[in-house]
Amino acid sequence: MTAIQICALISIVIATGLLYWIGYRGGLTDGEKNGYSEGYSHGYVSGRDEASAAFAASIKEMSDQRMRTELLLNREPQDRYTLLAIAEKLKLAADTFRAVKSESQATQALALRDKALDMAALMDSFELKEDAA
């Protein structure tokens with residue numbers, strides 16, 4: 001081989017290497033851009049869907065809470081008076097159980113009376129707040 005052929009061969013190898021390297025770097029850059037944009041859009045859609053589901057669950061939870069609060073506030077005063085009457089009957093039952101020497105039954109009746117009075121007191125506080133408004 002002559003000196004010119006050797007220089008041409010070296011030039012062709014270097015040119016091929018440069019062309020390959022430029023193509024490789026361009027492909028790598030394009031792949032990163034595509035991967036980033038696809039990953040970004042996938043993450044965006046996924047995050048939006050999760051937020052939408054969480055928002056819907058939060059709205060349902062708040063709606064249920066509002067409904068329960070409304071039910072508590074819309075109790076009629078008659079319900080409160082019924083609970084007070086039940087409490088008085090339970091006190092009478094406790095006294096009767098004590099008279100016949102059945103302390104465990106008397107204790108249970110008094111515990112139920114306390115629960116009924118607590119429920120009536122809760123309803124009373126709702127009525128007071130409603131009247132104040």
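What follows draws every value from the coordinates through simple rules; no lab data is involved. Keep in mind it's a predicted model, so treat the numbers as computed, not measured. Neighbour counts are summed over all protein chains in view; Cβ atoms, including those assigned to glycine, are modelled from backbone coordinates with ideal geometry.
Brief remarks on what is shown
- For the chain, the Kirkwood estimate of hydrodynamic radius, built from reciprocal distances between every pair of different alpha carbons, is 23.2 Å.
- Given charges at Cβ of Lys, Arg, Asp, Glu: region 1-74 dipole, positive-most of 26, 65, 45: 26
- Sequentially through region 42-55, phi angles give Karplus couplings (6.51, -1.76, 1.60; θ = phi - 60°) of 5, x, 5, 5, 5, x, 5, 5, 5, 5, 5, 5, 5, 5 Hz, Gly and Pro residues having no value and appearing as x.
- In sequence order, region 97-112 has phi-based couplings of 5, 5, 5, 9, 6, 10, 5, 5, 5, 5, 5, 5, 5, 5, 5, 5 Hz under the Karplus curve 6.51 cos²θ - 1.76 cosθ + 1.60, θ = phi - 60°, and Gly or Pro positions carry x.
- Pairwise Lys count, the chain - Cα closer than 19 Å, eight or more residues apart or different chains: 4
- Averaging the Cα positions of each part gives two centres, and for region 17-40 and region 81-101 these lie 85 Å apart.
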